Amino acid sequence: MSGVRYGMAIDTRTCVGCAACVIGCKTENDTAPDFSRDWIYTLLEGEYPNIRMNIRSERCNHCEDAPCVTVCPTGSSHYGPGGSVQVNPDKCSGCKACITACPYDARHIDPRSGAADKCTFCMHRLEAGIPTTSCQEICPTKSIYMGDLDDPNSEISRALATRDWYVLKPDAGTKPKHFYLR
Amino acid sequence: MNEFTNTRHNHLIDPTMHVWGWEIPLYLFLGGVVAGIMILAGIRFLRGGDEKPSYALSLMPWAAPIAISVGMFFLWLDLEHPFNAWRFYLTFKLTSPMSWGAWILLGVYPVSILLAWVGTPETLKAPVREKVSRFAVLLRVEKWAEVNTALLAKLNILMGASLGIYTGVLLGTMASRPLWNSALLGPLFLVSGLSTGAAFMLLFGLSDEERKSLSRADMALIGIELALLALWMMGLATGGSSSQGALAVIFGGPYTAAFWTLVVALGLLAPLVGEWLEHKHGAVPGKGTAILVLLGGFALRWILVFAGQSTGWVSEIAMRQ
């Protein structure tokens, strides 16, 4: 998977916050009970009747400069295929430095293994040749884009080139690869 | 008005993070005490002097390997996958303060134990030496330590300083927790460690002269610690919105009362005044001020670890539009 740089984008105009992505991920990845790798963030602004709502499906941002990888003392958190950020549970001691280091609070400890856990960009699917992540696959409004940021013709690159977008906490200096289209 | 909801309810992360519990501040406190004991012991050996150390002072360096073992036990208890702890020693990660710490802890043992042995009174050493005399290598190591005591003393200062600084840097390098995110946390924890190390020694039966000199040193250390705390707050107060928001947890926020009473008033100002009064009246420094210093050092780490986790990067709403 060399030469690929994976990124994800959420279309905040079409996302309705149904949380199918949360359930889809849970089913696909068998995350621990009471824990999830992705979640829905809803921001309601203004005073009725002048209100607007901002809905996002959030997960690990697979940062280019990921603080979790920087602080990991055992090399368990590492940069994986396609520039993604991955955890090797066999190397994880559960010290939780990565959890405190993540500005997005995207990580948790899986109590069954004691290892840090988070979104993998469904790398097991991508590596098996399935072109979608589970959250993307299940999204009823097709609001999740996933693909190669270095390929100008990929769906996500075209969306980022033609739409206005933002990333979360850009001033944290983490260079996130998870985008929000507006 | 802004109102947000979040479907994420990950235990220990939402609504505010508290993944590091009581084990971490306890370890940071013990690590600081050990750093202080190692540095002070190293300085004593380098200075030499004619005065024979008191029995208690000559045994004091043993507190370093013992207390660090207790501290490391707490650190191990905090691990969620404790039987993978050996993974720390299969690698060295330059960018990870915790990796530095793991190796520093490993270095603390030989240098502190060897120096402690050299300083131990001969009456205690003789029976032990007799028992292990068939291990010739141990006698050779002892010989080496006795010849190279000055080097060992310097190594104790180096390893002690590394230990003290790293415990602060560990928290200080986390940009995600703005209350911690200050380079001053390294020196702050080092100076606090020296102060609590001196206070720990004052709990034992040292000679009057030793008590006075440790207490004098502690006054200076508390002064430096107060200055570092003020500088740390200045840095946050004049930083960006994340830093200012973080500082608010001890300026009106939930940790205000605990921080200002336990750390600043009882842990720093009260013992400083007490030591100064003892000094002024020529009294032999007692254990009261030392206990306050120790409690203050513990409170500093306890409050910082919990308060720091409750702070985060606050640009989220501003970047939304």
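The values are calculated or read from the model by the stated rules, or taken from the named source; none is laboratory data. None of the values given here were measured: they were computed from a predicted structure. Cβ coordinates were reconstructed from backbone atoms using ideal geometry, including for glycine residues, and neighbour counts include every protein chain displayed.
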Taking the residues in the range A:93-106 that are farther than 21 Å from residue B:166 by Cα and buried (at least 24 other Cβ atoms within 10 Å of the Cβ) as candidates, determine which candidate is farthest from the other protein chains (Cβ to nearest Cβ).
A:106
Out of curiosity, is residue A:42 of a type in the set (Ser, Thr, Tyr), without any contact (Cβ under 8 Å) to a residue 60 or more places away in the chain and over 15 Å from residue A:120 (Cβ atoms)?
yes
Tell me, yes or no, whether the range A:154-168 has at least one residue that is farther than 30 Å from residue B:24 by Cα, without any contact (Cβ under 8 Å) to a residue 60 or more places away in the chain and within 13 Å of chain B (Cβ to nearest Cβ).
yes
Which pairs do you get when a residue that is within 7 Å of chain A (Cβ to nearest Cβ) and over 29 Å from residue B:300 (Cβ atoms), found in the range B:1-23, comes within reach of a residue that is among the aromatic types (Phe, Trp, Tyr) and part of a strand (DSSP E or B), reach meaning Cβ atoms under 8 angstrom, with the pair 6+ apart or on two chains?
B:4/A:41; B:5/A:41; B:6/A:39; B:6/A:41; B:7/A:39; B:7/A:41; B:8/A:39; B:8/A:41
Return the residues of the range A:17-44 that are over 18 Å from residue A:143 (Cα atoms) and not in a helix (DSSP H, G or I); say none if nothing qualifies.
A:30, A:31, A:32, A:33, A:34, A:35, A:36, A:44
From the option list A:60, A:72, single residue qualifying as under 30 Å from residue B:101 (Cα atoms), more than 10 Å from chain B (Cβ to nearest Cβ) and buried (at least 21 other Cβ atoms within 10 Å of the Cβ) is A:60
Quickly run through the range B:76-94 and pick out the residues that are at the interface with chain A (Cβ under 7 Å from one of its Cβ atoms), in contact with a Cys (Cβ under 9 Å, 6 or more places away or on another chain) and not aliphatic (A, V, I, L, M).
B:80, B:81, B:84, B:87, B:88, B:93
Quick check on this structure: which one of B:8, B:47 is surrounded by fewer than 16 Cβ atoms within 10 Å (Cβ to Cβ) and among the basic types (Lys, Arg)?
B:47
Kindly state which strands (runs of 3 or more DSSP E) lie completely within the range A:98-182 and contain at least 2 residues that are of a type in the set (A, V, I, L, M) and in contact with a strand residue (DSSP E or B) (Cβ under 8 Å, 6 or more places away or on another chain).
A:115-117, A:144-148
Only one of (1) within 11 Å of the chain's Cα centre (by Cα); (2) not in a helix (DSSP H, G or I) is not met by residue B:27, so which one is it?
(2)
Does the range B:194-214 contain any residue that is surrounded by fewer than 19 Cβ atoms within 10 Å (Cβ to Cβ), out of contact with any Cys (no Cβ under 9 Å at 6 or more places or on another chain), of a type in the set (S, T, N, Q) and part of a helix (DSSP H, G or I)?
yes
Sort out which residues of the range A:45-66 are on the phi < 0 side of the Ramachandran plot, without any contact (Cβ under 8 Å) to a residue 40 or more places away in the chain, part of a strand (DSSP E or B) and not charged (D, E, K, R), and write them in order of number.
A:50, A:51, A:53
Considering only helices (runs of 4 or more DSSP H) fully contained in the range B:88-177, which possess at least 3 residues that are touching a Pro at 6+ places or on another chain (Cβ under 9 Å)?
B:97-119, B:149-172
Tell me, yes or no, whether the range B:218-241 has at least one residue that is modelled with pLDDT under 95, touching a Pro at 6+ places or on another chain (Cβ under 8 Å), part of a helix (DSSP H, G or I) and farther than 19 Å from residue B:63 by Cα.
no
